[in-house]
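S.K.: I am attaching a structure below and will ask some questions about it afterwards.
The values are calculated or read from the model by the stated rules, or taken from the named source; none is laboratory data. Here the structure is a predicted model, which is why all the values come from computation and not from measurement. Positions of Cβ are generated from backbone atoms using ideal geometry, with glycine treated the same way; all protein chains shown enter the neighbour counts. Please note that ligands, DNA and RNA were not included when accessible areas were found on the heavy atoms of the full protein model with its side chains. Shrake-Rupley method; radii C 1.70, N 1.55, O 1.52, S 1.80 Å.
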Amino acid sequence: LTEVRRTLRPNGVAGIVTWGNDEGAPGMAIWKEELDALGAAPDPRDPSVMQQERMNTADKLRALLRAARFSDVHIWPRVFEHRWTIDALVLVQLGCGMAARRIGSLSQGDAAKCVARVRERLAGLGADALLYRPEILFATATLVQTRSDNGA
């Protein structure tokens, strides 16, 4: 937000979109259990980049924007809904995210076993379990230039 503030003109408006309440994509617990059962290496992603908790509510996002000296903050949440198919969900999860990062540490045979088990378990959940309904926070905030911003 400091960099956004630096690049905006006085009275410029920043637009922000971030995840709000999100329990994660369907099947993530299944992926974790199956990857753990086969001895996949832990997720190598640096935890410092996983900071969704800092702004996953309107109040937290508002506080961050105000701390960065933005004003006229408007935030509106919306629930996004997407019904996954098993094929599409597995394809996405093997392309990015935790499952994609961890499955590469397995042998080809174990990776194939893992994917087959995940597919089988997802099929047993029923269609409603493949409904993804995360909250998305939309926000706008205005840069009001102060004397300290002018170097005064």
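S.K.: For the range 61-139, which whole percent of the accessible surface, found with a 1.4 angstrom probe, sits on carbon and sulfur atoms?
M.R.: After summing per-atom areas, the C and S share lands at 57 percent.
S.K.: Per DSSP H run of n ≥ 4, the term is -39500 (n - 2.57); total these for the chain, divide by its residue number, and report the mean residue ellipticity at 222 nm rounded to 500 deg cm²/dmol.
M.R.: -11000 deg cm²/dmol
S.K.: For residue 116 and residue 3, what is the calculated FRET efficiency with R₀ set at 35 Å and r taken between the beta-carbons, to the nearest 0.05?
M.R.: Working from the Cβ atoms, E equals 0.20.
S.K.: Where does the charge balance sit around residue 27 when Lys and Arg score +1, Asp and Glu -1, over other residues with C-beta under 15 Å from its C-beta?
M.R.: Local net charge: -1.
S.K.: Show me the ranking of peptides 89-100, 49-60 by mean Cβ neighbours inside 10 Å, starting with the highest.
M.R.: 89-100, 49-60
S.K.: Something else: Charges only on Cβ, +1 for Lys and Arg, -1 for Asp and Glu: so what's the dipole of the chain about the Cα centre, in debye to the nearest 20?
M.R.: The dipole magnitude comes to about 580 debye.
S.K.: Quick check on the chain: what are the equivalent-ellipsoid semi-axes from the Cα gyration tensor, as sqrt(5λ), descending, whole Å?
M.R.: 41, 18, 11
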